[in-house]
Every structure is written in C-alpha cells, then in structure tokens.
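Below is one structure; the comments refer to it alone.
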Amino acid sequence: MLALESIRPFLNKDGGDIELIDVREHTVLVKLHGNCNGCPMSFSTMKLGVENTVKQFAPEITEVLAVE
C-alpha cells in the first residue's frame, strides 16, 4: 500500500515500522512494530499520521486500526 510506504520512513526514523495486516471493507488493519508498538504516542501516530495518510491515498477508507 503506497500510503504506508510514504509514512514508513518517519516511523523508521524513530525505530518503528508498520505492517499491513488486512483491509476489510472500509477499514485497514495494521500492526505497529519496534518502538511504535506500545509507545504512548502511538494513538496520535495512528490517527494523525497513519489514518490521515491512508485516507488521502484511499478516500473510501473510513478507519485505520492497530492490531496486536
């Protein structure tokens, strides 16, 4: 997914990464790795960074959720 590739460098810079798990209708499921997994800022990263970027690339997506 191009959206995830576009934000991956920012996550890598902080010692993290992201993996696409699944796309179900209008929801994208991802898994955070490295320093992003369990980080207190991961909620903000998901909503402000990942979800907004995914919606820019694919407006039909309504939600991006992090799974364990």
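The values are calculated or read from the model by the stated rules, or taken from the named source; none is laboratory data. The structure displayed is predicted, hence computed values, not measured ones. Reconstructed Cβ throughout: ideal geometry from the backbone, glycine too, with neighbour counts over all protein chains shown. SASA here: full protein model, heavy atoms, side chains in, ligands and nucleic acids out. Shrake-Rupley method; radii C 1.70, N 1.55, O 1.52, S 1.80 Å.
Details
- The residues in the stretch 26-36 that are at pLDDT below 95 and assigned to a loop (DSSP other than H, G, I, E, B) can be counted, and the count is 2.
- Filtered residue count, the stretch 1-19, keeping only those that are in a strand (DSSP E or B) and either of a type in the set (A, V, I, L, M, F, W, C) or open to solvent by less than 30 Å² (accessible area, probe 1.4 Å) (or both): 2
- Test: residue in the stretch 30-40 that is within 13 Å of the chain's Cα centre (by Cα), among the aliphatic types (A, V, I, L, M) and open to solvent by 60 Å² or more (accessible area, probe 1.4 Å): no
- Residue pairs whose Cβ atoms lie under 8 Å apart, separated by 6 or more positions or on different chains, with the first residue in the stretch 9-36 and closer than 21 Å to Ala58 by Cβ and of a type in the set (Ser, Thr, Tyr) and the second outside any loop (DSSP other than H, G, I, E, B) and open to solvent by 50 Å² or more (accessible area, probe 1.4 Å), are Thr27/Glu63; Thr27/Leu65.
- Top-ranked residue in the stretch 37-68 [being assigned to a helix (DSSP H, G or I) and aliphatic (A, V, I, L, M); ranked as farthest from Gly16 (Cα to Cα)]: Val54
- Given (1) open to solvent by 20 Å² or more (accessible area, probe 1.4 Å); (2) of a type outside the set (S, T, N, Q); (3) at pLDDT below 95, number of the condition Val50 does not satisfy: (1)
- Of all the criteria given as (1) part of a helix (DSSP H, G or I); (2) modelled with pLDDT of 95 or more; (3) not β-branched (Val, Ile, Thr), the one not satisfied by Asp22 is (1).
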